[in-house]
Protein chains: 4
Amino acid sequence: MILYFDSTNISMNLKDFKTTKERREFLEKNLKIELVAIAKAHVDEEKTIRCENLIGSTVLPLGVAGPLRISSFAKASEDKKNYYIPLATTEGALVASVSRGCKAIGLSGGATVSVENVGVTRGPVFETSGIKESLKFENWLNKNFNLLKFEAEKTSSHLKLKKLGTRIAGTYVYVRFYFDTQGAMGMNMVTIATDEMSRFIEKNIKVKCLSVSGNFCIDKKPAWLNFISGRGKKVWADVILKKEVVKEVLKTTPKNFFEVWLAKCMIGSAMSGSLGFNAHFANIVAAFFAATGQDLAHTVEGSMGITTSKVLKNGDLYVSVYLPAVMIGTVGGGTTLKTKQEALSIIGAKTSLELAEVLGGAVLAGEISLLASLAEGTLSKAHQRLGR
Amino acid sequence: MILYFDSTNISMNLKDFKTTKERREFLEKNLKIELVAIAKAHVDEEKTIRCENLIGSTVLPLGVAGPLRISSFAKASEDKKNYYIPLATTEGALVASVSRGCKAIGLSGGATVSVENVGVTRGPVFETSGIKESLKFENWLNKNFNLLKFEAEKTSSHLKLKKLGTRIAGTYVYVRFYFDTQGAMGMNMVTIATDEMSRFIEKNIKVKCLSVSGNFCIDKKPAWLNFISGRGKKVWADVILKKEVVKEVLKTTPKNFFEVWLAKCMIGSAMSGSLGFNAHFANIVAAFFAATGQDLAHTVEGSMGITTSKVLKNGDLYVSVYLPAVMIGTVGGGTTLKTKQEALSIIGAKTSLELAEVLGGAVLAGEISLLASLAEGTLSKAHQRLGR
Amino acid sequence: MILYFDSTNISMNLKDFKTTKERREFLEKNLKIELVAIAKAHVDEEKTIRCENLIGSTVLPLGVAGPLRISSFAKASEDKKNYYIPLATTEGALVASVSRGCKAIGLSGGATVSVENVGVTRGPVFETSGIKESLKFENWLNKNFNLLKFEAEKTSSHLKLKKLGTRIAGTYVYVRFYFDTQGAMGMNMVTIATDEMSRFIEKNIKVKCLSVSGNFCIDKKPAWLNFISGRGKKVWADVILKKEVVKEVLKTTPKNFFEVWLAKCMIGSAMSGSLGFNAHFANIVAAFFAATGQDLAHTVEGSMGITTSKVLKNGDLYVSVYLPAVMIGTVGGGTTLKTKQEALSIIGAKTSLELAEVLGGAVLAGEISLLASLAEGTLSKAHQRLGR
Amino acid sequence: MILYFDSTNISMNLKDFKTTKERREFLEKNLKIELVAIAKAHVDEEKTIRCENLIGSTVLPLGVAGPLRISSFAKASEDKKNYYIPLATTEGALVASVSRGCKAIGLSGGATVSVENVGVTRGPVFETSGIKESLKFENWLNKNFNLLKFEAEKTSSHLKLKKLGTRIAGTYVYVRFYFDTQGAMGMNMVTIATDEMSRFIEKNIKVKCLSVSGNFCIDKKPAWLNFISGRGKKVWADVILKKEVVKEVLKTTPKNFFEVWLAKCMIGSAMSGSLGFNAHFANIVAAFFAATGQDLAHTVEGSMGITTSKVLKNGDLYVSVYLPAVMIGTVGGGTTLKTKQEALSIIGAKTSLELAEVLGGAVLAGEISLLASLAEGTLSKAHQRLGR
């Protein structure tokens, strides 16, 4: 076979160049463009970078919101701690808005946060001859959990298999493996571990693994499975905002806030067929992820969740957020880049759980500020002043 | 009222500093950290940056995939064009994978792309006294569309109101305004225009606007409304991959590819309750958005959509992607940053429609390569080699 | 080929018998059972029955709720009318509960109802060679709407083609035809009309109809398409319940009612990933459909929708329901059975729109009563007394 | 307070009459109608009927499909058994269609069925002061499971509490109790048991039960929670249809069948945002439920699920169905009516598990026949002949 290739149209392959500079210069020359800033912004050592056909780096402005005052449910004491929150964004008003939320939280005595480590998931799909074999395979998986765990944990000392769940549709058996990946977000290591288990399964009971990911993970796609069963970390945060703070800092009233929340986050999201019953989780999650070196595509999971609010008997305003699927880590992946390391040092979280707690508080701050703005009709004014 | 504020715990407000440098130095001193890379990577002029409490910039490695060979449905001629695709990512294997997909596409004669400009949407919520008034208001909106259009278009010469849709639940009337925002993604300008129309409505028929966004937009949240009705731009791309190319470049067979696609993107996504019937749209969308200055939180909308595949009678492999809600622009927002401008110059798209076409082709390439990897069980091996 | 058939195991084919009696007697003898009640309850003339292998009839108890006092938004006058509501059910407390809701509505001056005739839908799927041909086909459909309409309306004088919508995924083109079917629910006639159009399409532009129903109708399955775009009839109903009525008839307070509604119909349904943001639409819809000869499988569409509630400034309680997809008729299908005709005569609705209005009011009454019961914790007590 | 009541408009209350006959006669006289058939069809003793304001009974034609040949996964032996399937319907062609599916199954050697008893669920919602108390309450629930179980099982000897699951959103704690209710569908008894547990909880740890049902059950509403976690019984059925049978009985080919299934049940349902990835589960479920005395509103849960199909290497056709949430019983509720008892005697199932198995097989038969009809374009012709 001779593969036809029109060499006049398709230029030299970028991966044939040896250095970033050569690639960049090839593009500059060939396309008659200049890539000065991309070269200048390239501040990391290349050996630490995982990105092929590299030509340099691209930047995002980095602002800092806070301080955010939170206490963790996990800690025995009631000690509150303050955090600065680095946010990488090009959306004017976002950092200011989160900061305003932090101020309201701080003046009300701080927020409470809590994180549950559900575990990173990988969901391969296996193929059988029909429901009889599928059901037998399901039994086998449950009986041989410890063997599978042993196989999985051989692949990395940083990984524990926590549990598995199965779903059967005819010849298809979907298995959802949940892993503890310590400080790492861990998708790569769980893929390798799942691949190892899949080969073990194929060898031992002759059930074929169709795909190491059968979208039962389900990774980087909006999905009720992640909402209902959780993925990565479940994160909660709440605060009781004093009515004076609502008035002076947020320029609205608890009642107006509540009514906008109800019309927008509840009924509006229902009318839209949404998995996001919130005001703008994704804005804070994306900016926090970009600042701290997380996988940006996991913003998808992070956009799901529920904000609740309530006017208390004494007139204060209760607000909470719940994010069922936060994929986050403090080591590995993009966190090794210098600017990300520095951003992480601003936060100072010692574990990925603590990092998720800070994210939870930041999302709560963002929800508070945006819903308050909408309640007072100042949203478009804020955007006019800061956004353009 | 005296707002209690514990000055020993909550440090000086970052917005009180006048310069980026002062803010950065304050944090360095206070937290005993170094922010060297964040300072160094700060390559843009600050007056062009929309980010409060700025302390510098954060970077992402920039790789280039391609060339991607596509022809646009919109163009009368069948002329194909090649594009290089800048992708900002920290996920090893992603750029290589998209490049492999581009190679398979190119060797098969190129892909077809098409974009429909649905329009950027803003969905305010209004409050009435009940369904009678709600239904009357709905009638009023439809009858007075031209008046509303006039009000909206007063706010910017770059914006056209295309149409509106309404949904009623008791006292709540949700209105979805669709705008043509030319080259810009345009969320800010449509918010301002919607605010203007809302005030006009309040003045003229005494129906109260509860919130300029009632989550009927629905912005940055996964939602069936966006999937079904579209948002921003609908994007399609497809290709017929020659069976020889599938074998030599993708190392699998059309039949294996099809079976993995069916088990994963169709049945797997159904079992997960997903709005993403695809392999990994979000990876390519996030990397493309980060490279070209789009709003990263719009990765959420971009993760929705369907990949289809089919083994043709002659043994070739047909693959298509459909993204119902792509929020993208070539001007405004993050596109004004230097590194983003340079990335856009690599692509060379003249309009936001053309930019969306290239994204469509890149997503198609990414789907092809990942599904092929899964089909041959090489996914985890690729990650082992490139990802760690 | 000789089809193997084990005659000792698979008994004589029921369709070989000529009469209902013979079939019944065959089963009685063969299975050693008695089918006395099934014979006795068989009150219709068989020529009017559409059910193969008939052996008799099965019964459901029929209760009557009401009177329900409603006024229609469609009518110019404010005249209110009272309706009795026949409900076929075996769930104790249901009729009593709807009656209580009707009483609360009546004592508060009646409810308002409104119906929009979206149209019955059929959604065939066509197959093309790829997105180019798909997009051309979409254009052709829009340009030739009148021709299609002519073909469709040839098949029945009771049917009008109102509009069509299309969605494309690669080689698949889904078309949603909306029909006005006058008094009939009309699924059969729209299937025939769609089949006629599909053949016309195949003949004229060589695009193959893969299936006259491509689940883009989407019939008898829960789906956001029906929720968002409507199907059959959209139905609204609302009422302002006087606070005294809430207290004396419903034994709760507006505030308690609101809090249960919020926790259950809003947040609870969000946490469950539901398309039903209501308390129990399906109960009333199923009982009303069973009483009036509707297709029971359309209970699925009828279970979708939103209940809203609000405590008004004067302390009264506002409640509304919205059902986006009610499939209902007054002629054809099961409505021709004698007991259904009699039930329809109890209601006295002159059109399917009026019938849908009464259903809307009945559903509102059912929501009011159940939510009130839950608010006062009396649900299980009511079930204990009436249900067993 | 004097409650205004317009006695000229709202007629005498139906519950004031003592007998069914009096109520019927009142309506006949008042509305000038005749309720002859409703009286005649009233074949049950009233003391066994749970329906208030009774005026008689309404009927549905009863047809019988089959025999259906199935073997149960649960049984050690491979013995196959034949069942007749009573179906109550007014939709012409439905019984004939299921019968045709049964014939194809029988000629191919029978189908395999399997049922998992997930348990009937009730999902109350509790209210706390915030996430701290919510998380503590969650811990308490898990620690005190045995105490709760004891309280629940006091209320009925026919009920076992199997497990519980919780979800937290701020002040709201949703608890999903799973019960084994033996042969009964059991919603009433689980409501009473849940009410008992809720009072125990309120007494013991001062957490308030807002509503005994918080839509986390979630009952009679389409919801991903039921799809993903199951409710009542999970039911699977599959069969390998011989290619000769597909040709001679179903008048199509395995390949055509597969292509229609893919276009309709997979891609079509995805495009519609559906929870029903099947052809028409709801038709068979509704007709089976109406025949056997199940709660018709549970058709909603029964409409969810997935049909899969595959062309095997030898050219045969594999088809399977999966229903994740079947609410069904052999005792209690509507099953006590005479005509339902007789229909159950036709099936002869000894347990609710066996009854669910037969339903699974019937749904499989219905899917096979309809998809085959669509594949050959005969759907509208069948409806023309039988449906009108």
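The values are calculated or read from the model by the stated rules, or taken from the named source; none is laboratory data. Everything numeric in this text was worked out from a predicted model, so none of it was measured. As a convention, Cβ positions derive from the backbone with ideal geometry for all residues, glycine included, and neighbour counts pool all protein chains shown.
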Segment B:310-339, subset touching a strand residue (DSSP E or B) at 6+ places or on another chain (Cβ under 7 Å) and under 18 Å from B:Leu62 (Cα atoms), residue farthest from the other protein chains (Cβ to nearest Cβ): B:Leu337
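From the list D:Leu54, D:Leu60, D:Leu68, which one is surrounded by 15 or more Cβ atoms within 10 Å (Cβ to Cβ), closer than 30 Å to A:Ile131 by Cα, touching a residue at least 24 places away in the same chain (Cβ under 8 Å) and among the aliphatic types (A, V, I, L, M)?
Exactly one residue qualifies, and that residue is D:Leu68.
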Suppose we keep only residues that are in contact with a Gly (Cβ under 9 Å, 6 or more places away or on another chain) and among the β-branched types (Val, Ile, Thr) within segment C:60-88. Which one would you say is farthest from D:Gly56 (Cα to Cα)? C:Ile70
Take segment D:15-64 and flag every residue that is part of a strand (DSSP E or B) and farther than 19 Å from C:Ile49 by Cα. D:Leu54, D:Ile55, D:Gly56
Can you name the condition, by its number, that B:Ala37 falls short on among (1) closer than 19 Å to B:Val321 by Cα; (2) modelled with pLDDT of 95 or more? (1)
Can you find a residue in segment D:336-345 that is assigned to a helix (DSSP H, G or I), within 19 Å of the chain's Cα centre (by Cα) and under 30 Å from D:Lys251 (Cβ atoms)? no
Taking segment A:71-97 as the region of interest, how many residues are over 28 Å from D:Thr166 (Cα atoms) and more than 9 Å from chain B (Cβ to nearest Cβ)? 2
Could you list all residues from segment C:225-277 that are crowded, with 24+ Cβ neighbours inside 10 Å, within 22 Å of the chain's Cα centre (by Cα) and at the interface with chain D (Cβ under 7 Å from one of its Cβ atoms)? C:Leu225, C:Cys265, C:Ser269, C:Ser274, C:Leu275, C:Gly276
Test: C:Val285 is facing another protein chain (nearest Cβ under 9 Å), closer than 22 Å to C:Gly66 by Cα and not in a helix (DSSP H, G or I): no
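Does A:Ser57 fit the bill of being within 14 Å of chain B (Cβ to nearest Cβ), within 30 Å of D:Thr112 (Cα to Cα) and of a type in the set (Gly, Ala, Ser)?
On the way: within 14 Å of chain B (Cβ to nearest Cβ): yes; within 30 Å of D:Thr112 (Cα to Cα): no; of a type in the set (Gly, Ala, Ser): yes.
The answer is no for A:Ser57.
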Within segment D:346-357, residues away from chain C (no Cβ under 14 Å) and in a helix (DSSP H, G or I) come out as D:Ser352, D:Leu353, D:Glu354, D:Leu355, D:Ala356, D:Glu357
Which one of the conditions (1) farther than 30 Å from D:Lys40 by Cα; (2) within 14 Å of chain B (Cβ to nearest Cβ); (3) in contact with a strand residue (DSSP E or B) (Cβ under 9 Å, 6 or more places away or on another chain) does C:Val363 fail to meet, given that it meets all the rest? (1)
Which listed residue is more than 30 Å from the chain's Cα centre (by Cα), of a type outside the set (A, V, I, L, M, F, W, C) and either away from every other protein chain (no Cβ under 13 Å) or crowded, with 24+ Cβ neighbours inside 10 Å (or both), from D:Ser129, D:Ser211, D:Ser134: D:Ser134
Of all residues making up segment A:1-27, the number that are among the small types (Gly, Ala, Ser) and either modelled with pLDDT of 50 or more or within 41 Å of the chain's Cα centre (by Cα) (or both): 1
Please find, among A:Thr194, A:Thr155, the residue that is in contact (Cβ under 8 Å) with a residue 24 or more places away in the chain, out of contact with any Gly (no Cβ under 6 Å at 6 or more places or on another chain) and surrounded by 21 or more Cβ atoms within 10 Å (Cβ to Cβ). A:Thr194
Given the conditions (1) buried (at least 21 other Cβ atoms within 10 Å of the Cβ); (2) within 10 Å of another protein chain (Cβ to nearest Cβ); (3) touching a strand residue (DSSP E or B) at 6+ places or on another chain (Cβ under 6 Å), every one holds for A:Glu116 apart from (1)
Of the residues B:Ser229, B:Ser274, B:Ser309, only one is in contact with a Phe, Trp or Tyr (Cβ under 6 Å, 6 or more places away or on another chain), small (Gly, Ala, Ser), at pLDDT 95 or above and more than 26 Å from B:Leu337 (Cβ to Cβ); which? B:Ser309
Out of (1) out of contact with any Cys (no Cβ under 6 Å at 6 or more places or on another chain); (2) surrounded by 24 or more Cβ atoms within 10 Å (Cβ to Cβ), what's the single condition that is false for D:Thr307? (1)
When segment C:288-309 is checked residue by residue, the ones that are within 11 Å of chain B (Cβ to nearest Cβ) and either among the small types (Gly, Ala, Ser) or in contact with a His (Cβ under 9 Å, 6 or more places away or on another chain) (or both) are C:Gly305, C:Ser309
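Applying the selection to segment B:161-212, what residues are polar (S, T, N, Q) and farther than 23 Å from A:Phe257 by Cα?
If the condition is that a residue be polar (S, T, N, Q) and farther than 23 Å from A:Phe257 by Cα, then B:Thr166, B:Thr181, B:Gln182, B:Asn204 are the ones that fit.
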Which residue pairs have Cβ atoms under 7 Å apart, sit 6 or more places apart or on different chains, and have a first residue in segment C:20-39 that is surrounded by fewer than 15 Cβ atoms within 10 Å (Cβ to Cβ) and a second that is in a loop (DSSP other than H, G, I, E, B)? C:Asn30/C:Ser11
Residues in segment D:165-179 that are part of a strand (DSSP E or B) and at the interface with another protein chain (Cβ under 7 Å from one of its Cβ atoms): how many? 5
